[in-house]
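Okay, so here's the structure we're looking at.
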Amino acid sequence: MSLTLTRNKSDNQMGTAVEGTVLVVDDTPLPLANLRSAVRVSTRLPAGATARLHASYRSQGLESWRYKFGDDVAQVRDFQLRMRTNFKDIDFADNTLSPTEKHEVPGGWELTWVYKNLLTGYEIGMPMPEKLQPGPLAGQISFFAPVSLFFFFFVLFILTTLDAGTRVGRFMLQDLLGNIVPALGRTSWYPSVIATSAVVVGAWGYILYIGTIDPLGGINSLWPLFGISNQMLAAIALCVGTAILVKSGKAKYAWVTAGPLAWLAIITTSAAWEKLFSPELRIGFIAHANAMTQKLAEGALSPELARGAPRLSFNDRLDAALAVAFMAVVVVVIVASAPPSFSIVMSPETLKLLSSYPS
C-alpha cells in the first residue's frame, strides 16, 4: 500500500507551513519519504487484510483543507469522514461534496461525510477562515480615498445647487403669487414659506422620481436639465448682481457682472434651443420623443424597449417643457431688470457721476 500527501501549488506560493506530520498504520509509525511537493509512505499488507490509518499534522497559512479521493473519477466504499471545526462561519468550495450530516457544537460545527459506495470526480473541502490583514485594507482605503473625496464634493455641489435653486424658486413663486394674494408674497409669513417650499421641492422631487424610473437610466433625463438649470440659475444671479450694482450707484463696475451675464445668457439659451429643436436624436428632446413614438407605432422596437418607450417619450417632452420654462424665466428676469437699470445708468445724475471718474 502506498499513500501520498500533496500540497497545492497555491499553498506553497502563499507560504504554507506544515509540521508534525505523522502517519500510523495499526499503531506502527511509518517513515516519511519527502518529495518536491508531497510526502509518501509505503507499507505491505496481506491480501484481503484491513488496516487502520491514522494521519495527523499541523499547518499554518492554509487557504483550504481538501480530501481528494483520486485523480479524475474515483470510487470509494464504506467511506466515513468526520470533521469538527472551531469556527462558526463555514463554507464549501466549488466542486466539493457537502456533508451528509451537520450538527452545531459549541464554538463550531461537527460535519460528517458517510458513503456506502461512492463514484465521484469531486472532493471534500473546507475553506479556512481568513484573519483580517490591515495592510491590504489600508491600501484599498488609501487607493479609493481620492475617488470618495471627489464624490463627496460632487454631492455637496449637487446639494448646494438644489438648496439655492429651491430658495430662488420659492422667492419667485412667492413674488408671483403675491400679485394675486398679497399675504403669499410676504417672506416672513410661515404658511406662505412652507407652502411654496413644498411646491418647489415637490417639483424637483418629481423630476428626480421620473429619472429613477427612466428605462435608460436617470442620467439621460436629469443631466441635461441639471446643466441647463444650473447655468441659467447663474445667469439669474448675475442679473440680480448687475441690478444691485446699478441701483447702489456703482454703475461703473456693472460690467463685472454684465459681461458674464451676457455670455451665460447667450450660451445657455442657444444650448437649450439645441436641446429642444436639434434633429439629432442624441441631442434633441423633441426629435428623440417623436422617433420613439414612431418606432413604437411601427413595431420596430424590441419587447423590452417597447415597454419603456412611452416613459421615454413622456420624459423627453417633459424635459422639453422644462427647458422652455427655464429659458422663459431667464428672459423675463433679464427683460424685467434691463429697463430700470438702463434708466438709472442714463439718468443725468449717473452720467454726471460717471463723467467725474478719472479716465
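In summary, the aspartates and glutamates within cross-link reach of LYS247, defined as a Cα separation below 14 angstrom excluding same-chain residues under 8 places away, comprise GLU349. The HN-Hα couplings worked out from phi for segment 295-311 by the Karplus form 6.51 cos²θ - 1.76 cosθ + 1.60 (θ = phi - 60°) are 5, 5, 5, 7, x, 8, 9, 5, x, 5, 6, 5, 5, x, 4, x, 5 Hz, whole numbers, x standing for Gly and Pro. Which links in LYS250/LYS275; LYS68/LYS88; LYS68/LYS102; LYS252/LYS275 stretch past 26 Å when you go from one Cα to the other? Beyond 26 Å between Cα atoms: LYS250/LYS275; LYS252/LYS275. Around the amide H of PHE69, modelled in the peptide plane, lie the amide H atoms of ILE124, all under 5 Å away and 5 or more residues distant in sequence or on another chain. Remark: the Cα gyration tensor places segment 78-131 in the oblate category, a/c being 1.5 or greater and a/b not exceeding b/c.
Extension gain for ASP91 to LYS252 (0.36 nm times residue separation, less C-alpha to C-alpha distance): 50.3 nm.
When +1 charges are put on Lys and Arg Cβ atoms and -1 charges on Asp and Glu Cβ atoms, the dipole computed for segment 54-159 relative to its Cα centre reaches about 260 debye.
Both the radius of gyration and Dmax for segment 236-314 are 21.2, 65 Å, in that order, over alpha-carbon atoms.
Hull volume per residue, based on the alpha-carbon atoms of segment 188-278 and their convex hull, is 111 Å³. Taken as Cα centroids, segment 230-272 and segment 39-95 sit 80 Å apart, rounded to the nearest whole angstrom.
For segment 57-158, the set of GluC sites (Glu not before Pro) satisfying both a DSSP loop assignment and a count of at most 14 other C-beta atoms within 10 Å is given as GLU63, GLU130. Loop-resident chymotrypsin sites (Phe, Trp or Tyr not before Pro) (DSSP state other than H, G, I, E or B) in segment 75-111 with no more than 13 further Cβ atoms inside 10 Å of their Cβ: PHE87.
Since every read-out is calculated from the coordinates, none of them should be taken as a lab result. In this text the structure is predicted, and so the values were computed from the model without any measurement. Note: ideal-geometry Cβ built from the backbone for every residue, glycine included; neighbour counts use all protein chains shown.
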